[in-house]
Each structure stands twice: as C-alpha cells, then as structure tokens.
Amino acid sequence: ITDAGLASVGTLQQQRQLTLHGFKKITDLGLASVATLQQLQDLCLDLDKCTDAGLARVASLHQLHRLGLFGWLEYHRCRLCESCHFPLQQLRFLLLCDCNNLTDAALLSIVALHQLRSLYLTGCSKFTDAGFALAAALKQLYISTRGPCSIHVLN
C-alpha cells in the first residue's frame, strides 16, 4: 500500500480499525487520507517515511482508543500529543516500537494523555531511567519495555 492506495480510504467513513503495519511507503500524504476516518478506534502505522507534521494529522482522530506506531524516526516535538485542541482524549493503549528518536520529553508528553492506561515501548532507546521514574509515578499507567514489537499486544 502506498499513498496513492490510501487516497480512496476516505470512502470508508465507518471504518473502526485500520492496520498499516508493514507498509513502509506511506508518507505524510497517506496519513492525510487516514486522518479523514474520524470513526477509527484502532490504528497501527509504520512511520519510516512520515514526519511529525504528518503524525499531527493522526492526532485529529479523536475516537482512537488504541494506537501502534512503528519506526517513528523523526522527532522534534511530540506533536502527537500537542497538535490539536483536545488531543487523543480517548487513547487508552499506545505501542511505540523502534521509535529511536523519542526522548524523555516525548515520554512525559505522552503520559500526559489522561485516559492512557497501557504504554508499550520496545526499541525506543533514548528514554532514560529518569524519564521512566517520572512516568512510573502515574499509578493508573501500565508501562512495558519488554516483549516483541507486535501489534498483537494491542488486542
């Protein structure tokens, strides 16, 4: 699947789940098409060719409960969490896999998602013990740094 293939996704307005894991040609243009699916509750994406700006469009999906992000390599600010007025208010589960440029600042921004209950971090090498200690203070949040990088953890 490429951006061109995702151009027709806008016709799936009642779609609740979309898995694009393994499709490494998707760019910000493809994310713009995905962002039209305002009923999505579960979404998995490979972000190898996407930027923070493209991911900011995903944050407009206010119904998301589960989100899996693989290979988020660009990071300037955590636009996932700050890009819209009410960012991801319903998000409960977040899987970040091989997102090697995310730092403690991103972790602190992510744990500020008030409904977040489970955070899975695999291969995110720039988080430090200090960042985890601050995140661990949130008793309602389960954080795992072990296990396979798999979308099945979201089920």
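Laboratory data are not the source of any read-out in this text; all were calculated from the coordinates shown. Because the structure is predicted, anything quoted here is derived from the model rather than measured. Virtual Cβ from ideal backbone geometry, glycine too; neighbours counted across all protein chains shown.
The slack between T36 and T103, meaning 0.36 nm per residue of separation minus the straight C-alpha distance, is 21.2 nm.
Relative protection proxy for 109-115, 38-44, 138-144, from highest mean packing down: 38-44, 109-115, 138-144 (other beta-carbon atoms within 10 angstrom). Here K25 is the anchor, and the lysines within straight C-alpha reach of less than 26 Å, apart from those fewer than 8 places off in the same chain, are K49, K126.
Phi angles of region 23-37 translate, via the Karplus equation with coefficients 6.51, -1.76, 1.60 and θ = phi - 60°, into HN-Hα couplings of 9, 8, 9, 6, 10, 4, 4, x, 5, 4, 5, 4, 5, 7, 8 Hz per residue; Gly and Pro are given as x.
Judged by the mean number of other Cβ atoms found within 10 Å, the most tightly packed of the peptides 1-12, 48-59 leads the ranking 48-59, 1-12. Full extension of the chain between Q13 and S118 yields a length gain of 35.1 nm, computed as 0.36 nm times the residue separation minus the alpha carbon distance.
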